[in-house]
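One structure is given here, and the rest of the page talks about it.
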Amino acid sequence: MTMPKPHFGVTLPQIKRSWQEARDTAIAIDRAGFDSVWVCDHLYGIPFPNLPIFEAWTELAAVAAITERVELGTLVTPPYFRHTAVFAKQLATIDHVSGGRTICGLGAGWFDAEFRGYGLEFPPIGKRLVALEEMCIVLKRMWTEETVTFRGEHVTLDAAMCEPKPLRKPRILIGGGGEKVLLRIAAEHADIWNNMGVAQSEFRKKYEALLKHCDAVKRDPSEIVASQQCLVVIAETEDEATAALGKAQKIYGGHLGGALETNGIWGTPSRVIDCIERARASGCSMFVIEFFGRDTTVPAKIFAEHVLPAFR
């Protein structure tokens, strides 16, 4: 099977950053030729609740108005943060602002402190996964049907309408690696599946589980883009790259820095290209990148000038 052209997305400043930093980075990424921009959908900063963080879809609505090319999405939006039908309306509006560039990133949620702090429901994982699947079903129906009536465990609608419809029905990304249930939901409903950064070394194992679910539900796996959340450490010289790698491992620890040296994407541009090719050989065709550096536009510029041309 011929591998699709890789898609390169970049995360935007969001935690303990100013709007000006987020704005300038979004414009720079858009102009540099990347394919998408991303934010995390959390109400508390990660890993500490007192860290300032911009609300995800509000930030993306603003970014939609100041960019021209890049798609816009979240890693990832859980159930219970917003009523699903109201969320469908929000995304349809942002899709119009952006000219049809939204990606709907969904997941089950995990950071219980923010749910409880905001007075939101946070049931056990089994119920959250049921809510996630209902969310997928309702969103797709709201974006395509004239009226939607739905009676689920977590969502109830009575002839709900979403007008105007999105300019382009947002692609649904489902993020996570639960092999029994979440990947089955992805096989049935996702246009994109994203493997979490903490599980980067397990990409192939998770991807094979997804393929088995696709077979079980009779879904063509080529209809689902396989994506990897990843930290990218890039520098122009080997010495600079090695020094930056050490700093990144200390700062990010197991979340994005774990197994970075052996399984991650880091080094000079030529080595980064090799790392990407290795990931593509495992089935990955989309990369959601967090560039390492205080000003992420610096490594993004190196990547755009020396790595992107190898895949265009």
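FYI, it's all coordinate maths here, none of it is from the lab. As the structure is a prediction and not an experimental result, all values here were calculated from the model. Ideal geometry is used to build each Cβ from the backbone, glycine not excepted, and the neighbour counts take in all protein chains shown.
Some notes on this structure:
- The fewest-to-most ranking of THR297, THR147 by surrounding Cβ atoms within 10 Å reads THR147, THR297.
- Dividing the alpha-carbon radius of gyration of the chain by the rule-of-thumb value 2.2 N^0.38 Å gives 0.97.
- Once both labels are positioned 7 Å from their Cα atoms along Cα-to-Cβ, the gap between PHE48 and ALA259 label points is 2.9 nm.
- In order along segment 222-231, the phi-based Karplus estimate (6.51 cos²θ - 1.76 cosθ + 1.60, θ = phi - 60°) of 3J(HN,Hα) comes to 5, 7, 10, 7, 8, 10, 10, 6, 8, 8 Hz; Gly and Pro are listed as x.
- Segment 172-188 and segment 9-71: distance between their alpha carbon centers, rounded to Å: 25
- For segment 139-144, backbone phi angles converted through the Karplus equation (6.51, -1.76, 1.60; θ = phi - 60°) give residue-by-residue couplings of 4, 4, 5, 4, 7, 10 Hz, Gly and Pro being listed as x.
- Model label sites at GLU163 and SER222, defined 7 Å from Cα along the beta-carbon direction, differ in position by 3.9 nm.
- With the gyration tensor restricted to C-alpha atoms of segment 1-114, the semi-axes of the equivalent ellipsoid amount to 22, 17, 15 Å, longest first.
- Distance (nanometres) between label positions extended 7 Å along Cα→Cβ at THR147 and TRP110: 4.2
- Looking at segment 15-175 alone, DSSP beta bridges between its own residues are antiparallel in about 30 percent of cases.
- Distant-in-sequence amide H partners of VAL232 (H built 1.01 Å from N, under 5 Å): GLU290, PHE291, PHE292
- Note on GLU236 and ALA199: the extension gain reaches 10.6 nm, defined as 0.36 nm multiplied by sequence separation minus the Cα-Cα distance.
- Pairwise FRET efficiency - ILE66 versus GLU208, Cβ, R0 = 41 Å, nearest 0.05: 0.55
- In this structure, the residue pairs whose Cα-Cα separation is over 20 Å, taken from LYS180/LYS212; LYS5/LYS140; LYS140/LYS165; LYS89/LYS169; LYS140/LYS180; LYS127/LYS212, are LYS5/LYS140; LYS140/LYS180; LYS127/LYS212.
- FRET efficiency estimate (nearest 0.05) - Cβ-Cβ, SER282 to ILE27, R0 35 angstrom: 0.60
- Nearest 10 degrees, 0 to 90: helix 56-66 Cα axis against the chain principal axis: 70
- Estimated 222 nm signal from helices in the chain, with DSSP H stretches of n ≥ 4 weighted -39500 (n - 2.57), rounded to 500: -13000 deg cm²/dmol
- Each pair of Cα atoms in segment 83-195 enters the Kirkwood radius, and Stokes-Einstein at 10 °C and 1.306 mPa s then converts it into a translational diffusion coefficient of 108 µm²/s.
- Candidate lysines - alpha carbon under 20 Å from LYS250, same-chain residues fewer than 8 apart omitted: LYS16
- Here the 3J(HN,Hα) profile of segment 77-88, calculated from phi with Karplus coefficients 6.51, -1.76 and 1.60 at θ = phi - 60°, is 8, x, x, 6, 5, 9, 4, 4, 5, 5, 4, 4 Hz, Gly and Pro shown as x.
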